[in-house]
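J.: What follows is a single structure, and I will ask about it in a moment.
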There are 2 protein chains.
Amino acid sequence: MQLTSRKGRFGGDEVRVVDAMIDLVYPPVPFPSNRIFNAMGEMKIREMVAHHHALLLKTKVGKLFPANEEALKMVIDKSADFFAEALGGGEIFTAVHGEPHLRMRHFKVPIDEQDREIWLAMYKKTLKMMNFPKAHLEEFWNWIEPLSIRMINRRTTMEAIRRYHWHEVKQDLITKEGN
Amino acid sequence: MQLTSRKGRFGGDEVRVVDAMIDLVYPPVPFPSNRIFNAMGEMKIREMVAHHHALLLKTKVGKLFPANEEALKMVIDKSADFFAEALGGGEIFTAVHGEPHLRMRHFKVPIDEQDREIWLAMYKKTLKMMNFPKAHLEEFWNWIEPLSIRMINRRTTMEAIRRYHWHEVKQDLITKEGN
């Protein structure tokens, strides 16, 4: 029976159309308000980005960054510029680097689903270790979680992209201070 | 004016949601009938696949194939098995290798938009050089053109995938014999 049905699937008497397919839908990205910048200030944001990169460099994502120290510093500074602007600091990034076009800027580096998971996990670790203003954690997380999906440009599985919704990570992120 | 509007784009007073996005829609794939196998037979199909691979190996796509001669032969035989079955020869592939799952099987190798263009161009060259039955060229092309898009798993551009519809390539494919 199975043999017969298989035979029918390929090379039957007529053309057989396999439906169109969507690989993945990049979810909406809620960009934060200026509340985070107002609460943290530029220096603290830059420290956060630097800390995140220090963690990333210890993972397999680290190989995606320049080995040259000066080039690496430029990449981290640029990322800090972006975060400072996106969180409400004014044109810190765009005045120097132009339009962000984050997905486009990352095309030169292959970023797969696992790289994105690591990037996000290291942010979670960063947020736990620093004194990120608790009142704004949800707004920040709801931004970087879907944002990180946009950077994926190398698919290695048919599985849907794993989401890490706020309600799933909340407990872990705010537990330490019991708030 | 522009500065003001840019300032408003990032880190304004409220959260700003950027819409969901679809990267690409994999178009429908019309799998061929058994007419091509009936016209060509298995040996001719295997020759076609071997010729296509010989051309591919001379391009930058060649680096995606095993360097080891025996391993390379296995890959080409497997591809020939698939084409022979898909074109109507019965369970030549599935009996030995199981379900095709073409996209999944290609995940281990990064295949970008340009790799797919080369793969398709080398098929066009193969079809021109061999004596592919003219009456079935359209059915064959309409299959491999969208099929090749499914193998893309590395994106390097925001541009839509370039289509090569039959009406665009027809002239070039059938000119030689003036038919």
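The values are calculated or read from the model by the stated rules, or taken from the named source; none is laboratory data. If you're wondering where the values come from, they're calculated on a predicted model, not measured in any experiment. Note that each Cβ is placed from the backbone with ideal geometry, even for glycine, and that neighbours are counted across all protein chains shown.
J.: In segment A:125-139, which residues are among the basic types (Lys, Arg) and crowded, with 18+ Cβ neighbours inside 10 Å? Break it down into steps so the answer makes sense when it comes.
T.: Narrowing segment A:125-139 to residues among the basic types (Lys, Arg): A:125, A:128, A:134.
If the condition is that a residue be among the basic types (Lys, Arg) and crowded, with 18+ Cβ neighbours inside 10 Å, then no residue fits.
J.: Sticking with this structure for a sec: Suppose the filter is at pLDDT 95 or above and closer than 23 Å to A:Val25 by Cβ; does A:Met151 pass it?
T.: Yes, satisfied.
J.: If B:Gln171 satisfies all but one of (1) closer than 30 Å to A:His101 by Cβ; (2) more than 11 Å from chain A (Cβ to nearest Cβ), what's the number of the condition it fails?
T.: All conditions are met except number (1).
J.: Within segment B:83-105, count every residue that is within 15 Å of B:Pro32 (Cβ to Cβ), touching a residue at least 24 places away in the same chain (Cβ under 8 Å) and surrounded by fewer than 21 Cβ atoms within 10 Å (Cβ to Cβ).
T.: Matching residues across segment B:83-105 total 1.
J.: Residues of segment B:86-119 being part of a helix (DSSP H, G or I), at the interface with chain A (Cβ under 10 Å from one of its Cβ atoms) and not basic (Lys, Arg), which ones?
T.: Just the residues of segment B:86-119 that are part of a helix (DSSP H, G or I), to begin with: B:86-89, B:94-97, B:102-105, B:113-119.
From the residues that got through so far, the ones that are at the interface with chain A (Cβ under 10 Å from one of its Cβ atoms) too are B:86-89, B:94-95, B:103-104.
Within segment B:86-119, B:Ala86, B:Leu87, B:Gly88, B:Gly89, B:Thr94, B:Ala95, B:Met104 meet the criteria.
J.: Among the candidates B:Ala54, B:Ala80, single out the residue that is modelled with pLDDT of 95 or more, of a type outside the set (Val, Ile, Thr) and under 22 Å from A:Phe10 (Cα atoms).
T.: B:Ala80
J.: Among the residues of segment A:144-162, how many are facing chain B (nearest Cβ under 10 Å) and more than 18 Å from A:His106 (Cα to Cα)?
T.: Number of matching residues: 2.
J.: Hey, another quick one. Within segment A:106-117, take every residue that is buried (at least 17 other Cβ atoms within 10 Å of the Cβ) and among the hydrophobic types (A, V, I, L, M, F, W, C) and give me the one that is farthest from B:Lys108 (Cα to Cα).
T.: That would be A:Phe107.
J.: Here's something else I'd like to know. Quick check on B:Ile76: is it in contact (Cβ under 8 Å) with a residue 12 or more places away in the chain, over 17 Å from B:Trp143 (Cβ atoms) and within 14 Å of the chain's Cα centre (by Cα)?
T.: No, not satisfied.
J.: May I ask you to list the residues in segment B:140-179 that are among the small types (Gly, Ala, Ser) and surrounded by fewer than 17 Cβ atoms within 10 Å (Cβ to Cβ)?
T.: Correct list: B:Ala160, B:Gly178.
J.: While we're here: Do we find a residue being modelled with pLDDT of 95 or more, basic (Lys, Arg) and touching a His at 6+ places or on another chain (Cβ under 9 Å) anywhere in segment B:108-127?
T.: yes
J.: Within segment A:88-111, track down each residue that is closer than 19 Å to A:Val29 by Cα and touching a strand residue (DSSP E or B) at 6+ places or on another chain (Cβ under 8 Å).
T.: A:Ile111
J.: Looking at A:Trp141 and the list (1) within 13 Å of another protein chain (Cβ to nearest Cβ); (2) assigned to a helix (DSSP H, G or I); (3) touching a residue at least 60 places away in the same chain (Cβ under 8 Å), which single condition is not satisfied?
T.: So A:Trp141 meets the others, but not (3).
J.: Check A:His165 against each of (1) in contact with a helix residue (DSSP H, G or I) (Cβ under 8 Å, 6 or more places away or on another chain); (2) without any contact (Cβ under 8 Å) to a residue 24 or more places away in the chain; (3) within 14 Å of another protein chain (Cβ to nearest Cβ) and name the one condition it does not meet.
T.: Answer for A:His165: the failing condition is (3).
J.: Just checking: which of the helices (runs of 4 or more DSSP H) contained wholly in segment A:1-84 hold 3 or more residues that are closer than 24 Å to A:Arg154 by Cα and away from every other protein chain (no Cβ under 14 Å)?
T.: Per the criteria, A:42-56, A:69-84.
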